[in-house]
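Worksheet for the structure shown next.
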Number of protein chains: 4
Amino acid sequence: MVSASASTEAASPVRLGMVGGGQGAFIGAVHRMAARLDGHYTLVAGALSSDPERAKASAAELGLDPERSYGSFEEMAQKEGARKDGIEAVSIVTPNHMHYPAAKVFLEAGIHVICDKPLTSTLKDAKALVQAVEKSGKLFVLTHNYSGYPMIRQARQMVSEGTLGEIVLVQVEYPQDWLAEPIEETGQKQASWRTDPARSGAGGAIGDIGTHAYQLATFVTGLKAESVAADLDSFVSGRRLDDNAHVMLRFGAKGGRQAKGTIWVSQVAPGNENGLKLRVYGTKGGLEWVQADPNYLWYTPLGEPKRLITRGGAGANEAAAGVTRIPGGHPEGYLEAFATLYTEAAGAIRSLRGGGKQPEGLILPTVEDGLEGMRFIQACVTSSQADAAWTRLEAV
Amino acid sequence: MVSASASTEAASPVRLGMVGGGQGAFIGAVHRMAARLDGHYTLVAGALSSDPERAKASAAELGLDPERSYGSFEEMAQKEGARKDGIEAVSIVTPNHMHYPAAKVFLEAGIHVICDKPLTSTLKDAKALVQAVEKSGKLFVLTHNYSGYPMIRQARQMVSEGTLGEIVLVQVEYPQDWLAEPIEETGQKQASWRTDPARSGAGGAIGDIGTHAYQLATFVTGLKAESVAADLDSFVSGRRLDDNAHVMLRFGAKGGRQAKGTIWVSQVAPGNENGLKLRVYGTKGGLEWVQADPNYLWYTPLGEPKRLITRGGAGANEAAAGVTRIPGGHPEGYLEAFATLYTEAAGAIRSLRGGGKQPEGLILPTVEDGLEGMRFIQACVTSSQADAAWTRLEAV
Amino acid sequence: MVSASASTEAASPVRLGMVGGGQGAFIGAVHRMAARLDGHYTLVAGALSSDPERAKASAAELGLDPERSYGSFEEMAQKEGARKDGIEAVSIVTPNHMHYPAAKVFLEAGIHVICDKPLTSTLKDAKALVQAVEKSGKLFVLTHNYSGYPMIRQARQMVSEGTLGEIVLVQVEYPQDWLAEPIEETGQKQASWRTDPARSGAGGAIGDIGTHAYQLATFVTGLKAESVAADLDSFVSGRRLDDNAHVMLRFGAKGGRQAKGTIWVSQVAPGNENGLKLRVYGTKGGLEWVQADPNYLWYTPLGEPKRLITRGGAGANEAAAGVTRIPGGHPEGYLEAFATLYTEAAGAIRSLRGGGKQPEGLILPTVEDGLEGMRFIQACVTSSQADAAWTRLEAV
Amino acid sequence: MVSASASTEAASPVRLGMVGGGQGAFIGAVHRMAARLDGHYTLVAGALSSDPERAKASAAELGLDPERSYGSFEEMAQKEGARKDGIEAVSIVTPNHMHYPAAKVFLEAGIHVICDKPLTSTLKDAKALVQAVEKSGKLFVLTHNYSGYPMIRQARQMVSEGTLGEIVLVQVEYPQDWLAEPIEETGQKQASWRTDPARSGAGGAIGDIGTHAYQLATFVTGLKAESVAADLDSFVSGRRLDDNAHVMLRFGAKGGRQAKGTIWVSQVAPGNENGLKLRVYGTKGGLEWVQADPNYLWYTPLGEPKRLITRGGAGANEAAAGVTRIPGGHPEGYLEAFATLYTEAAGAIRSLRGGGKQPEGLILPTVEDGLEGMRFIQACVTSSQADAAWTRLEAV
């Protein structure tokens, strides 16, 4: 059995703090598992909840020093920034509307930021955050975790090496079914803020999962959408944000031909748990990848039989091998892909210690990618309001 | 093993003729196998090719009486219409532009017509053909063969019984890859006429396979598109008709809610042989079906595990059982589905013998379905020319 | 779309009779559809049931001339043998114990025989039948229909060309679930005779489907079992024949190494409709094929990614292409594979007309293959009775 | 999205040491990731390699205190046992022949043991180890990691609740292909010791992966094999241990009926990376599970459509939910299943702190399970040497 390791385990782990992610949160626990898996982080501080009782209880559960469990992210940024052994990086895992204010104070306190997606709840905040990151000189990582999957890295390298020829089509779909009924009315926490414009922003499904779909398309192909035509719906009556979106895409021409694509996202399609699927077609071949079965990449060279490339298997390239922990046939999953982003971020943070430089070739999603995602959301919303008129991302 | 038969084999088979389908044709041979499988037809006449030599040779190969191998469909319609033992029905399997003129003369000669899709090459011909059928009182069957698959019949019954609740989403995709290169330039027969506006009409992929996709959606759900927004491309340079189409659909509201959908068809997507896939989502459940694996229908009742309904299996309903020949686990395929249309047509033709009535509950695709398909093609072409503006099917 | 045809349709179809296969029979209808599909046969006579009423009604339904609907196969053989336009071939689709007596009289009447499997109900009958065939000089085809699948032909050619290197392992499984309950006690026709030693012979599942499994293994690999160790069970209480069998195989050494294998057959495994699956492994590669999805063959060259070879697709070889009717992505099924045997038999029968010779390279299952299958059944039964002791096929 | 957490993250992590698992080892890194994922352990000591240089370098890489990087496991057991803050548990991840001597000294030093499988290299050692564990009163966990998969826990609960009725058949297969060529001759580390009787014991594939297959069967069904008939081969010439095994099983009767089964393991089957598959059939239903796609469990109630139960999905039971970290559709993998064993072990270790009792209902694989596995290996080897004679596990 061949074993490639994504990580050298860490003699000097990165000191990490967390904003949000208290008891009952889903994504906070994911970030913590991702940070732990490869052994590059030690969680030492937190402002885990806006509810002081929950914050305290959550911190105790995690074994945090009570002194470093803070009542607000502002206090945490200030005090940790001032400590000699203060946190080097913070994970922001709150609802969208808190990303910007939280990120800003940590960046200003000289602390690197790892932030959940989408970048912010408004395009205005997103633009301001880009400036805040630039000004700070700190690392900012947006956890578009699907880009951490080995087979996605494989696909990216194949496209970039020209294996598929010129790319003409990119099809992404991301159906779910967990919002098929108005569960936000029952107080379900995840559903409540995700269907609330004040906390999520102008996009519902298009923001929550559409940005993943779009980021994946651009990450793998290197293409960016020039314009979109979008038809957004709220199929559940009374819902304030979209729960289904049909989007046609026109990519910027690379050379002569203009690539096209579609994105379908839904949270009301029964039988789909988390059905993210990417298909890329070029003049010389095609690729297919399904997130629920992430260790497989289907590759068809035009005119030849389809091939099943597996993580850790014979057809895996360097990009895939570099983020593979265990041999083929021993499935890695969602947490491993997430952990890869954390591990790569830890590498960058260590390089930056003592004034060092960011490593070459880093492909972690950046604040600019986050801004691109926000433009995508806004362009889709704008287009849909204009009866699906083509809307340029640059224009929003 | 349970065995349900689609057919009572035939003591008095229907006398059939064929226009087109000579040596080298693909779909003609398919129609003949479909006609033979259940034993309800006997092929006795043909105008098998516009090339007299090929017509003759093809007829000989099929064992036709040389007297009944005709040089033109006009001659065939006239002479067979005049014979006491003349054909009762004709299969028209020519390129699209010949469907209308051929169908017209047979209908006028009192002969039932079984015609390949799409209905015609122009919307004008389609409308004229509707009138010709009405005037004739004869049976006209359009071979949208995918609607003959047992699991498609199953899906249709499930939707109509309300198993899925109110339908909100219909997603159809139909990618192929056989036109990824400009094989029409090499003289490949199938490719040549399908990329030629004079023989195919205004639609390329959208006509050839888009009509299948659209027909399947309407057949299963009972919904019709009110309007479409379409983006058509010819990715292969020099190609005169579209080889890829992205279509967003708005269905006519049934009750309160307006269902939406998308259709993606392509003939340039490497790795897809004939990837027709239908997904239907309602407020209570979802269905998925893939033509290449036609004996399976995936059904998810909202909030319950996904179920695999199989042709001939425990979950099959009456609609499926009625067109099932052999037990579950013994796969039926494309030819069987095609044969089901022929068998149902034979039943109707026998009922009509001697002035009888058409049987109740016949769900074979009609000339009106063909006109609907032509409207769909035209609306997509018109929309695409108007930068994907929403275009009403009624308006074309 | 590329189209390869398995058949030149027939100007002079073979005149066919049938023994068994009256109303309510499953396999008789299958044989008739298989005979019709490619247009090489015309069914003109039958002894369709041992029940005279049912025989008559069945014949009427099929449109047989009442004069040629016979009360017994003996009468049929005699009268048809004497007619100038008598049948050239007969299909025998009765329970197993009638195969031998029926085949014998037709062979003696100079009529070719197409016979369902297994060959007979006893090894003694099987040996006698081999002699009867030899003596007659007539064609005898055993309908091991799974060997008609294009992807099985593909696999056979690949093995014979050495693509897999030296074969070391052959794994076949054939689970079903239709006998998981004692439905023979309810009078279910298929179940009744299949669980009755008098009509089926000494083997239950091992005879009914084990022979298919074994034949497929030998057909694809060219290997024959030297000895077997078998553990047979009747899990349903009161059942008189096995409904589950575990068999270990040692193949005859070809060159140095002795290949091994296993066969698992079951009729009591819930969730398996007709789960025939074949896997062949050699020193250079492996193959996998699943009957329920017969258009796919998985091929892995050692040390390379797995490839999906499809019927009609880019990787199909001549053996597959030769029995392919329609393009890739348009699934063919069980009936098409069955029809291929009939079509090949028709070719042979026509060659033999007027004293011609059997065509070269015919690979239809023969009476010797049937005898081999009977030895396999008997060896398994004998082994199981001896506590799974290794039992040589030659020794039974 | 519903989220169930397998763990309360840890305020007071378990102090862990490791024997083996230095640079270049595969399974050591796996154990460390498994120990880290849920945050219940802190690795503080190690005897990471028998090569002192490698031990030192490995320890540095992991950030161990150099004082607690030991040159031998004996020294480590002694010194850690004597420290106030010494390790509470040790992970033993050496080749098989070192399991017993290492485990013994740690148990004697009052340290809990987490040990890789198979238990030992000889049955004699295994029996001695059982006694050593009993004498010590310490926890001993054998990392049969596949039993940590949520869908395996689901299956176990379903069987135990009688959902499948009485179990009649258990089919396990575990094919791989990584030893299809004699890579042990090239010095490949994993291959070298696994094909070396001195380090592995009497079983090759049957020991390395056969024990996983057998353990999984017994874990899910609660059945134990009474006897086996096994045919072991070394297909690669010159190999000293088996690389392929066919095993027929007779389980101990539970109530009236005796269940049967088969196990096939191979390391020479091209196209199989790590193809562990379990199928269990009872009188009322069947289950299927494939390790490479571990988030799915197929369940067929007899006479109903097959259902796809997913980890985190609607059909998941308490046993599955209890070990699920993230929502359905977000795949968990091999490391998560492995981590579940570590997390459960941590729970037990904490309960035992200060003289507490082991928690009720613990289902972690024990030293007795390890002995059962050793009996299975030995019985298979013995049977194979006796031409596959039935061999009782109790008798070896």
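Just so it is clear, none of the values below were taken in a lab; they were calculated from the coordinates. From a predicted model like this one, the values you see are computed outputs, not experimental measurements. A quick note on method: Cβ atoms are made from the backbone with ideal geometry, for glycine too, and the neighbour counts reach across all protein chains shown.
Rank by packing, highest mean first: peptides B:177-188, B:257-268, C:136-147, with packing defined as the count of other Cβ atoms within 10 Å averaged across residues.
On the way: B:177-188: 17.8, B:257-268: 24.9, C:136-147: 22.4.
Going by the mean number of other Cβ atoms within 10 Å, highest first, we get B:257-268, C:136-147, B:177-188.
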**Prompt:** Long-range amide H contacts for B:Leu142: which residues qualify at under 5 Å (H placed 1.01 Å from N, peptide plane, sequence gap of 5 or more or a different chain)?
**Reply:** B:Cys115, B:Thr366
**Asked** Could you state the number of Å between the C-alpha centres of the stretch A:71-87 and the stretch C:88-157?
**Response** 86 Å
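Among the listed pairs A:Lys56/D:Lys138; A:Lys224/A:Lys277; C:Lys79/C:Lys138, give every one whose C-alpha distance is greater than 23 Å.
A:Lys56/D:Lys138
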**Fill in**
Scalar couplings 3J(HN,Hα) for the stretch B:281-288 by Karplus 6.51 cos²θ - 1.76 cosθ + 1.60 (θ = phi - 60°), nearest whole Hz, x for Gly and Pro, are 10, x, 6, 10, x, x, 10, 9
**Asked** Dipole magnitude of the stretch A:4-138 about its Cα centre, charges +1 at Lys/Arg Cβ and -1 at Asp/Glu Cβ only, in debye to the nearest 20?
**Response** 280 debye
**Asked** Which shape class applies to the stretch A:4-138: rounded if a/c is under 1.5, otherwise prolate when a/b exceeds b/c and oblate if not, where a ≥ b ≥ c are the square roots of the Cα gyration tensor eigenvalues?
**Response** rounded
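Just tell me how shielded D:296-304 is by partners: mean number of partner chain Cβ atoms within 10 Å of each residue's Cβ, no decimals. Don't jump to the answer; show the numbers that get you there.
Working: counts 3, 1, 3, 3, 10, 3, 8, 8, 6.
Averaged over the peptide's residues, the number is 5.
In peptide B:321-330, what is the residue-averaged number of other protein chain Cβ atoms found within 10 Å of each Cβ? Don't jump to the answer; show the numbers that get you there.
On the way: counts 0, 0, 0, 0, 6, 10, 8, 6, 12, 14.
That average works out to 6.
Mind putting a number on the dipole of chain C about its Cα centre? Charges go on the C-beta only, +1 for Lys and Arg and -1 for Asp and Glu, and I need it in Debye to the nearest 20.
Rounded to the nearest 20 debye, it is 860 debye.
Determine the shielding of peptide C:378-388 by partner chains: average, over its residues, the number of Cβ atoms on other chains within 10 angstrom of each Cβ.
Working: counts 0, 0, 0, 0, 0, 0, 0, 0, 0, 3, 6.
The shielding value for this peptide is 1.
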**Asked** Taking B:Lys357 as the anchor, which aspartates and glutamates have their alpha carbon closer than 17 Å to its alpha carbon, excluding any fewer than eight residues away along the same chain?
**Response** B:Glu88, B:Glu134, B:Glu344
**Request:** Have a look at D:Ile183, D:Ala230, D:Ile152 and report the one farthest towards the positive end of the charge dipole of the stretch D:112-243, computed about the Cα centre with Cβ charges (Lys/Arg +1, Asp/Glu -1).
**Result:** D:Ile152
**Message:** Students often get this wrong: which residues of the stretch C:23-43 have the backbone nitrogen under 11 Å from the point 7 angstrom along Cα-to-C-beta of B:Arg353?
**Reply:** none
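Could you sort out which of B:Lys117/D:Lys306; A:Lys189/A:Lys260; D:Lys84/D:Lys135; A:Lys84/A:Lys117 sit more than 26 Å apart by Cα distance in this structure? Please report the intermediate quantities before stating the final value.
Working: B:Lys117/D:Lys306 36 Å; A:Lys189/A:Lys260 37 Å; D:Lys84/D:Lys135 23 Å; A:Lys84/A:Lys117 30 Å.
Too far apart for the 26 Å limit: B:Lys117/D:Lys306; A:Lys189/A:Lys260; A:Lys84/A:Lys117.
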**Message:** Given contacts defined as C-alpha pairs under 8 Å and at least six residues apart, what's the relative contact order of the stretch B:4-138, whole-number percent?
**Reply:** 22 percent
**Asked** Rounded to the nearest 500, what is chain C's calculated 222 nm mean residue ellipticity when only DSSP H runs of at least 4 contribute -39500 (n - 2.57) each, over all residues?
**Response** -10000 deg cm²/dmol
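Taking Cα pairs under 8 Å and at least six residues apart, what relative contact order does chain B come out at, in percent?
Numbers: 902 pairs, mean separation 82.7, N = 396.
For chain B, the relative contact order is 21 percent.
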**Request:** Treat the count of other C-beta atoms within 10 Å as a stand-in for reagent exposure and order B:Ile349, D:Ile114 from fewest to most.
**Result:** B:Ile349, D:Ile114
**Request:** For each of C:Leu223, B:Leu362, D:Leu352, A:Leu48, count neighbouring Cβ atoms within 10 Å of the residue's Cβ, then give the residues from fewest to most.
**Result:** B:Leu362, D:Leu352, C:Leu223, A:Leu48
**Message:** Give the separation of the Cα centroids, the stretch A:366-380 to the stretch C:250-283, in Å.
**Reply:** 55 Å
